[in-house]
Amino acid sequence: MGLLTAKEPAGLCLGYSKNNTNGQGVEKNIAKLIIDNAINMYRLFPDIGAEVFSLLGLLSEGVGADYIGDITSNIILKEIHEFTESITKDLKLPIQQYWLGDKVYRLPKHPNATEKRNFPILFIARDILTDLPKDADFEDIFEGFINENDTIRLEINDKISNIIKSDLKKAEKQSRINEILKENSDIVMQIIEHIKTIEGTAYDFQGDPRGYLVRERLLQFFDEIKTDIKITKNHDNLKIIEYIIKRFEKFIQHNNKLKRELLWKNEHEYKPETAWQQVFHTFINEILSICNIDVIPEKETGSGPVDFYFSNGSKLRVLAEFKLSTNKKLKDGLVKQLERYKECTDNVKAAYFICINVHKTKQSQVIFSELSKIKEKLNLNAKIIVIDGRIEQSASNL
């Protein structure tokens with residue numbers, strides 16, 4: 001029970017949390033559910049062996065990728081410490097001594113550690129990391145099993161298929177499929193054999209389709225523009241923010257190399273909105289380092305989080321909402337979200353609605369015109385900026 005309820009080790013920084021290094025861990029009721037389900041499966045299928053865990057993750061409500069990651073991290077914690085110690089030695093990083101059980105490891109201190117709560121950074125090999133899957137993965141697995149065995153046991157396949165396609169909540173789907181397996185124990189090993197054929201795929205750090213590494217890779221593009229940007233602390237803060245956003249527009253607009261390497265997966269598929277937001281945040285942070293202006297991504301307001309929040313104490317507050325042109329909530333972002341954020345925030349001096357055009361054919365000027373008409377009709381005072389984020393064709397392709 002102890003290993004099942006243990007939280008993610010501090011300093012590992014995996015999972016869904018954006019604001020801290022503390023994994024949720026598995027709650028006691030979920031840990032008990034896992035154990036109870038395991039006992040029931042062993043009673044029904046005494047020869048199942050360790051493969052029982054392949055089904056437990058699928059058929060136990062509340063056991064998702066984040067929880068499985070926490071459990072796994074604790075099981076292999078000794079190996080994680082050994083790996084981190086090895087990498088730390090190779091990189092010649094400053095170290096402290098940390099105990100795990102009866103063994104001491106020489107590891108780098110985590111930047112969020114304090115005197116009361118001192119913990120190390122823990123490294124994980126890239127080839128065992130993958131993107132967090134969607135909650136419906138268990139449906140994909142059973143659909144794959146059904147398709148693989150379409151010509152046999154048609155009645156059972158139909159039952160499972162109908163459950164998957166129904167509007168039932170995930171917990172109820174899991175429960176009903178579990179009942180089918182209990183009644184048809186001979187297909188359990190077939191399902192496990194199917195699960196074994198599904199190959200795990202490590203995250204593509206080179207292509208970085210989710211844009212996780214955008215921030216660190218972006219810095220190489222700054223050298224050429226830093227000397228060209230002129231800002232002093234004496235400039236008006238509103239003008240500085242306006243200037244930075246305009247420079248970001250110029251930075252993105254005709255920078256084919258940056259877009260190809262960081263923001264587009266290929267000629268036809270762009271990376272998610274979060275990757276573009278990371279570029280914006282990194283850009284403005286790098287430039288604002290010489291000014292006394294803070295920028296906070298996803299700042300919580302009384303009406304939800306605004307994408308970016310510029311501030312200088314209580315004297316200056318500037319909001320920026322950031323959307324890709326293909327976002328289904330593009331117009332709502334301007335009409336509803338940004339206006340509500342302004343109403344819930346004191347001393348807002350300016351508000352920007354930044355749209356990145358990633359449409360294949362739609363021109364940026366057309367999008368700007370459409371948004372401007374809405375702004376004028378509703379008498380909004382947000383500043384609209386539309387930036388062309390599309391990859392320009394090279395001369396050889398024209």
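Worth a mention:
- For GluC sites (Glu not before Pro), the sites in region 238-294 that DSSP calls loop and that have at most 12 other Cβ atoms within 10 Å are GLU267, GLU269.
- Calculated FRET efficiency for the pair HIS359/ASP140, C-beta based, R₀ 25 Å, to 0.05: 0.25
- Spherically averaged projected area of the convex hull of Cα atoms, the chain: 26.9 nm².
- Only alpha carbons enter this Debye calculation for region 36-97, each as an equal point scatterer, and the log10 of I(q)/I(0) it gives at q = 0.16, 0.19 Å⁻¹ is -0.67, -0.79.
- For region 143-148, 3J(HN,Hα) per residue [Karplus equation, 6.51 cos²θ - 1.76 cosθ + 1.60, θ = phi - 60°, Hz, x = Gly/Pro]: 5, x, 5, 4, 5, 5
- From helices alone, the chain scores -12500 deg cm²/dmol at 222 nm; the rule is -39500 (n - 2.57) for each run of n ≥ 4 DSSP H residues, then divide by the residue total.
- Whole-Hz couplings from phi, Karplus 6.51/-1.76/1.60, listed for region 271-280; x for Gly and Pro: 7, x, 4, 4, 5, 5, 5, 5, 4, 4
- Using the alpha-carbon positions of region 82-211, Rg (one decimal) and Dmax (whole number) come out as 22.6, 64 Å.
- On a per residue basis, region 95-219 carries 64 Å² of accessible surface, using protein heavy atoms and a 1.4 Å probe.
- Share of carbon and sulfur in the accessible heavy-atom surface of the chain [1.4 Å probe, %]: 50 percent
- Efficiency of FRET from Cβ geometry, LYS170 and LEU219, R₀ 35 Å, rounded to 0.05: 0.25
- Chain lengthening between ASP36 and HIS254 when straightened (0.36 nm per residue, less Cα-Cα): 72.6 nm
- Calculated FRET efficiency, HIS268 to SER185, Cβ-Cβ distance, R0 = 56 Å: about 0.75 to the nearest 0.05.
- Database remark: amide H of VAL386 closer than 5 angstrom to the amide H of CYS355 (H placed geometrically; neighbours at sequence offset of 5 or more, or on other chains; Pro and chain starts carry no H).
- Calculated from backbone phi, Karplus (6.51, -1.76, 1.60) coupling profile of region 317-330 in Hz, x at Gly/Pro: 9, 10, 9, 9, 9, 10, 9, 7, 5, 8, 5, 5, 9, 4
- Prolate/oblate/rounded call for region 63-105, Cα gyration tensor, a/c under 1.5 rounded: prolate
- Tail weight of P(r) past 16 Å, computed on alpha-carbon pairs of region 31-148, percent: 71 percent
- Descending semi-axes in whole angstrom, ellipsoid equivalent of region 274-374, from the Cα gyration tensor: 24, 17, 11
- Remark: relative contact order (the chain) = 10 percent; criterion is Cα-Cα distance under 8 angstrom and separation of 6 or more residues.
- Sequence of HIS194, HIS235, HIS359 from largest to smallest accessible area, 1.4 Å probe: HIS235, HIS359, HIS194
- Loop-resident GluC sites (Glu not before Pro) (DSSP state other than H, G, I, E or B) in region 157-199 with no more than 14 further Cβ atoms inside 10 Å of their Cβ: GLU199.
- Given 11 as the ceiling on other Cβ atoms within 10 Å, longest exposed-site-free region of the chain for trypsin sites (Lys or Arg not before Pro) in DSSP loops: 234-314
The values are calculated or read from the model by the stated rules, or taken from the named source; none is laboratory data. Because the structure is a prediction, the values reported are computed rather than measured. A quick note on method: Cβ atoms are made from the backbone with ideal geometry, for glycine too, and the neighbour counts reach across all protein chains shown. To get the accessible areas, we keep the full protein, side chains included, count just its heavy atoms, and leave off ligands, DNA and RNA. Shrake-Rupley method; radii C 1.70, N 1.55, O 1.52, S 1.80 Å.
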